[in-house]
Structure formats: structure tokens, C-alpha cells
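Only one structure is covered here, and it is reproduced in the block below.
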Amino acid sequence: MAAFGYEALAPSGKILKGSVNADNLELARQELKRQGLNVLKINEQSALTKDISLKFGGAPKPRDMSVFCRQFVGMSKAGVTLVDTLKMLCEQTENEKLRTAIEGVKTSVEKGETLADSLKAYPKIFPELFINMVAAGEASGSLEVALERMSEHFEKSAKTAALVKKAMIYPIVVCVVAIAVVAVMLIKVIPNFTSMFETLGTDLPGITKAVKAASDFVIKRWIVLLLIIVGIVVGLKAFGATDKGKHIFHKIQLKLPLFSGLIMKQNSSQMARTMSTLMAAGVPLVEAVGIVGKTMNNVYYKETMDTCKSEIIIGQPLSRPLEESGLFPPMVYHMVRIGEETGNTEDMLSKLADYYDEEVEAAVQSLMAALEPMIIVVLAGIVIVLVGACMAPMLTMYQAMENL
């Protein structure tokens with residue numbers, strides 16, 4: 001399947017640019033026409049032009065989807081028809097891929113398709129959770145309620161993801177600065193010091209010789225070093241994409257002392273929030289558990305939710321496989337068990353999600369507090385080694401002079 005870049009006129013009068021995947025040019029034209037677009041220009045993309053056409057926007061972010069849901073609900077409550085709502089949303093949406101998808105959804109709805117079935121044509125834009133919520137809302141006549149819950153879900157997901165990313169910014173920045181400092185020391189400072197002492201005929205200490213050897217390698221064989229780094233990164237990425245690699249790396253995530261607690265709380269919050277949202281829309285428990293499993297990032301949590309689905313089918317309560325997995329805190333399966341006994345599982349899951357959202361925020365702050373001194377210690381160790389390599393020859397010379 002090839003990628004075709006296009007320039008088309010939307011019914012609103014706007015000129016849209018983007019790309020569409022199809023087996024050939026004619027099928028690409030038909031797909032754009034199906035989306036209600038009048039094609040002005042279309043051609044097959046090469047590897048370079050394909051990257052350019054994708055731009056930097058990418059798929060819509062959770063905040064984009066949250067705004068989409070809230071605007072949809074607002075227009076629907078104002079009495080605007082579904083087709084007109086989609087038309088106005090298309091005109092207001094800034095994300096190019098989301099706008100194109102909404103345009104295609106509007107065209108399908110105009111042809112008599114349901115909103116949920118129309119959304120299924122764009123799985124890369126609209127997640128399965130969202131599609132199932134819309135389908136449940138349409139079936140029960142509570143589409144506005146379903147979209148409101150999805151808006152809250154997207155907002156919570158965006159907030160949690162932002163907190164985790166925030167925790168990683170400081171370590172990443174410090175590591176980059178540290179690498180830059182070490183590179184300058186090895187390329188500029190160390191060679192000048194060592195060459196000066198070598199001209200004086202001073203025998204260099206072991207630490208200085210080791211650092212000098214590292215400096216020579218970086219200067220003379222930097223291409224080899226770069227290839228080694230790239231090879232390691234590419235190899236780890238390729239291995240991480242395999243089933244075995246996912247299990248190994250995700251197992252490491254669950255065992256890391258500083259990160260394991262945060263990952264457990266984040267997954268607990270995601271599971272509870274998604275499950276509560278689906279059940280509120282009337283999605284059956286078995287189906288809801290299956291959808292939740294697909295939204296989990298860690299493979300072990302995915303497998304646990306698959307096990308939960310199988311256990312529920314044979315008549316077991318959800319709390320039992322959650323407890324047996326060992327991946328969730330006791331509070332999770334205890335609260336779920338109480339909800340099952342009282343017939344109030346949805347509310348219990350919602351309370352769990354709120355609680356663990358706060359726990360994730362606290363865990364991020366604790367992680368930051370623990371990482372800062374650790375990073376400082378590591379940087380101090382690097383600086384001590386480099387400074388020691390520079391100062392050791394001087395101390396050797398002073399001792400030699402004193403002996404004279």
C-alpha cells in the first residue's frame with residue numbers, strides 16, 4: 001500500500017493538505033471523494049516527501065480529543081444536528097489529521113451510517129475505547145453523557161501523561177549537559193593537559209593514561225563510537241518490539257526500585273478510569289475488560305486483563321484475577337470486591353481512579369526528590385575522575401621536586 005500526498009477542497013471551502021494510503025492512485029482518489037473532498041492535486045509520495053507531508057502534528061493528542069468531545073456535547077445540547085455538528089467541528093479543529101477524519105465521518109453519516117460505524121474507518125485517530133463509548137451511547141440514547149465521560153477520561157489521561165513526562169525532563173536535561181561537558185573535556189581539555197606533561201617528560205599516572213586513551217578514542221574514532229551507539233539504540237529498539245523483548249523490558253520496569261511504584265499506580269489509575277468510563281456507558285463487563293486490556297501499555301497488565309476476561313466468562317468475579325496477578329495494590333481488588341458485593345462497581349472504580357490519580361502525582365514528586373541527589377552524585381563522580389586525571393600529573397611532579 002502506497003502513500004499519496006494530496007491537496008483538496010473541503011465542502012467548507014478550505015484547502016486541505018495531507019496524505020492517504022491506498023493500493024493505487026485511483027483508489028486514493030475514490031477514498032478522498034468518499035470523504036467529501038474535491039481533489040485538486042494528488043501524487044504518490046517518495047520516502048522523503050512522505051516524511052514531509054506527515055509534518056509534525058501527527059495523530060491528535062488526548063487534549064485534542066477532549067476538546068472535540070466537549071465541543072460536540074455543547075453543540076448537541078444546543079440542538080444542532082449531527083451532520084451540522086460534525087461540519088462545524090471540522091471547521092474549528094486545528095489538528096490536520098483529526099480534521100480530515102471528521103470530514104470523512106461526516107460524509108459517512110450523511111450516507112446513513114451510524115456515528116460509531118463511521119468512526120471505525122479511522123482507527124488511528126479514534127481509539128477503540130472512544131468508538132465503543134459512542135456505540136454504547138447511541139444504543140442507549142445517552143450519546144452526550146458518553147462523550148462527556150470520554151472528555152473527562154481524555155483530560156485525566158493527558159494530565160497523568162504530562163506528570164510522568166515532567167518527571168523525566170530534569171534527568172534527561174542533566175544527562176545531555178553531562179554528556180556535553182564530558183565530550184568537551186575529552187576533546188579539548190584532556191589532550192592539552194596530557195600533551196603539556198608529555199613534553200616535560202613526566203610519567204603520567206594510571207588514571208590520566210586511562211582518560212587519555214578514552215580521549216584519543218573519541219577524537220580519532222568518533223565515527224566508530226557513533227556507529228556503536230546507533231547500533232545499540234537500533235538493536236534495543238528492534239528487540240523491544242518483539243514479544244520476548246517486551247516481556248523483558250516491561251519486567252524491568254516493574255522491578256526498578258524508583259519506578260515500579262509509579263508504574264503500578266499509573267496502570268491502576270488507567271485501568272480503573274477506563275473501566276469506570278465504559279461501564280457508565282452501558283458496555284458489558286466482559287467487553288469492557290477486553291477493551292481495557294488493549295489500552296494498557298505494559299504487556300504484563302495486558303495479559304492480566306486478558307486473564308480477567310477469561311475468568312469472568314466462566315463466572316469468576318473481577319476482583320479474584322486482579323488479586324492473583326500480583327500487579328495491583330491491595331486497595332484495588334478490595335475496592336472492586338466491595339463494589340461487586342454491593343452492586344456498585346462503577347462508582348468504586350471511579351473513586352479508585354481519582355485516588356490513584358493523586359497517588360501518581362505524589363509518586364512523581366517523590367521520584368523527582370529521589371532522582372535529583374542521585375544525579376548530582378553521579379555528576380560529581382564524573383567530574384572527580386576528569387579533574388583527578390588532570391591534577392594527578394601535577395601532584396606527581398610536586399612529589400618528584402620534593403624528593404630532590
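Every number here is computed from the coordinates shown, using simple stated rules; none is lab data. Small disclaimer: the values here were computed from a predicted structure and weren't measured. Methodologically, a virtual Cβ is constructed for each residue, glycine included, from the backbone with ideal geometry; neighbour enumeration extends over all protein chains shown.
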- Task: Have a look at Met374, Met305, Met196 and tell me which one the Gaussian network model of the chain (Cα, springs below 10 Å) gives the largest fluctuation.
- Result: Met196
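Using the number of other C-beta atoms within 10 angstrom as an exposure proxy, rank Ser142, Ser260 with the fewest first. Intermediate results must be reported in sequence, preceding the final value.
Values: Ser142 16, Ser260 13.
Ordered from fewest to most neighbouring Cβ atoms within 10 Å, Ser142, Ser260 come out as Ser260, Ser142.
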- Note on the structure: Computed over all unlike Cα pairs, the Kirkwood hydrodynamic radius of region 109-158 in Å stands at 11.2 Å
- Query: Tell me, Asp347, Asp357, Asp23 in order of fewest to most beta-carbon neighbours within 10 Å?
  - Reply: Asp23, Asp347, Asp357
- Contour excess over end-to-end distance, with Cα ends at Met168 and Asn297 and 0.36 nm allotted per residue: 44.7 nm
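With a cap of 11 neighbouring Cβ atoms within 10 Å, and only residues DSSP puts in a loop, list the trypsin sites (Lys or Arg not before Pro) found in region 103-142. Spell out each step's value before the answer.
Values: sites: Lys106, Lys111, Lys120, Lys124; in loops: Lys111, Lys120, Lys124.
Answer in residue order: Lys111, Lys124.
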- Task: Working from the alpha-carbon coordinates of region 347-394, get Rg over Rh, Rh being the Kirkwood radius.
- Result: 1.50
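Taking the Cβ of Ser151 as the center, what net charge do the other residues with Cβ under 12 Å away carry, scoring Lys and Arg +1 and Asp and Glu -1?
Details: positive: Arg63, Arg70, Arg149, Lys156; negative: Asp64, Glu144, Glu148, Glu152, Glu155.
Residues close to Ser151 contribute a combined charge of -1.
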- Excluding residues fewer than 8 positions from Lys77 in its own chain, the lysines with Cα under 25 Å of it are Lys61, Lys87, Lys106, Lys111, Lys120, Lys156
- Note on the structure: For the table Lys97/Lys165; Lys166/Lys351; Lys166/Lys265, the rows whose alpha-carbon distance is greater than 20 Å are Lys97/Lys165; Lys166/Lys351
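Assigning unit charges at the beta carbon (Lys, Arg +1; Asp, Glu -1) and nothing else, what dipole magnitude in debye, to the nearest 20, does region 62-155 show about its Cα centre? Present the calculation step by step, with values, prior to reporting the outcome.
Details: 11 positive and 15 negative charges, 16 e Å.
It works out to roughly 80 debye.
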- Once the in-chain neighbours fewer than 8 apart are removed, the lysines whose Cα is under 23 Å from Lys212 read Lys188, Lys220
- When only Cα pairs under 8 Å and 6 or more residues apart are kept, what is the percent relative contact order across the chain? 14 percent
- Message: Please give the charge dipole size of region 212-331, origin at the Cα centre, charges +1 on K and R Cβ atoms and -1 on D and E Cβ atoms. Round to the nearest 20 debye.
- Response: 620 debye
- q = 0.11 Å⁻¹: log10 I(q)/I(0) that the Debye formula gives for the chain, counting C-alpha atoms only: -0.99
- Would you work out which of Tyr355, Val177, Ser325 lies farthest towards the positive end of the dipole of the chain? Charges go on Cβ: Lys and Arg +1, Asp and Glu -1. Val177
- Query: Tell me, what HN-Hα J-couplings in whole Hz come from the Karplus equation 6.51 cos²θ - 1.76 cosθ + 1.60 at θ = phi - 60° for each residue of region 147-153, using x for Gly and Pro?
  - Reply: 6, 5, 5, 5, 4, 5, 4
- Message: Treating only the Cβ of Lys, Arg, Asp and Glu as charged (+1, +1, -1, -1), what charge dipole size does the chain show about its Cα centre? Round to the nearest 20 debye.
- Response: 1060 debye
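For Cα pairs less than 8 Å apart in space and 6+ apart in sequence, what is the mean separation divided by the residue count of region 15-173, i.e. the relative contact order in percent? Don't skip to the end; give the middle numbers.
Values: 137 pairs, mean separation 38.5, N = 159.
It rounds to 24 percent for region 15-173.
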- Query: Pulled fully out, how much extra length does the chain show between Glu110 and Asp243, if you take 0.36 nm times their separation in residues and subtract their Cα-Cα distance?
  - Reply: 43.7 nm
- In whole Hz, the Karplus estimates of ³J(HN,Hα) for region 379-392 (6.51, -1.76, 1.60; θ = phi - 60°; x where Gly or Pro) are 5, 4, x, 5, 5, 4, 5, 5, 5, x, 5, 7, 7, 4
- Query: Among the aspartates and glutamates, which have Cα under 19 Å from the Cα of Lys246 when same-chain residues fewer than 8 positions away are ignored?
  - Reply: Glu303, Asp306
- Note on the structure: Going from the fewest other Cβ atoms within 10 Å to the most, one would list Ile248, Ile125, Ile229 as Ile229, Ile248, Ile125
- What residue among Ala288, Ala22, Ala136 shows peak mean-square fluctuation when the chain is described by a Gaussian network model with Cα springs under 10 Å? Ala22
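Quick check on the chain: helices-only [θ] at 222 nm, where DSSP H runs of length 4 and up contribute -39,500 (n - 2.57) each and the sum goes over total residues. Nearest 500, please.
Details: 18 runs with 303 residues, N = 404.
Roughly -25000 deg cm²/dmol at 222 nm, from the helical runs in the chain.
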- Take the Cβ-Cβ distance between Ala369 and Ile219 as r, set R0 to 56 Å, and report the resulting FRET efficiency rounded to the nearest 0.05. 0.90
- Comparing Cys90, Cys308, Cys390 in a Gaussian network model of the chain (Cα, 10 Å), the one with the largest mean-square fluctuation is Cys390
- How far, in nm, would the chain grow between Ala180 and Ala78 when pulled straight, counting 0.36 nm per residue and subtracting the alpha carbon separation? 31.1 nm
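Please say if region 62-155 is rounded, prolate or oblate, where rounded means a/c under 1.5 for a ≥ b ≥ c the square roots of the C-alpha gyration tensor eigenvalues, and otherwise the choice is prolate for a/b larger than b/c and oblate otherwise?
Values: a/c = 1.12, a/b = 1.05, b/c = 1.08.
Note, shape of region 62-155 comes out rounded.
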- Along the dipole axis of the chain (charges at Cβ: +1 for Lys and Arg, -1 for Asp and Glu; origin at the Cα centre), the most positive-end residue among Leu25, Leu227, Leu119 is Leu227
- What are the residues whose amide H is under 5 Å from the amide H of Val39, where those residues sit 5 or more places off or on another chain and H is modelled from the backbone? Leu9
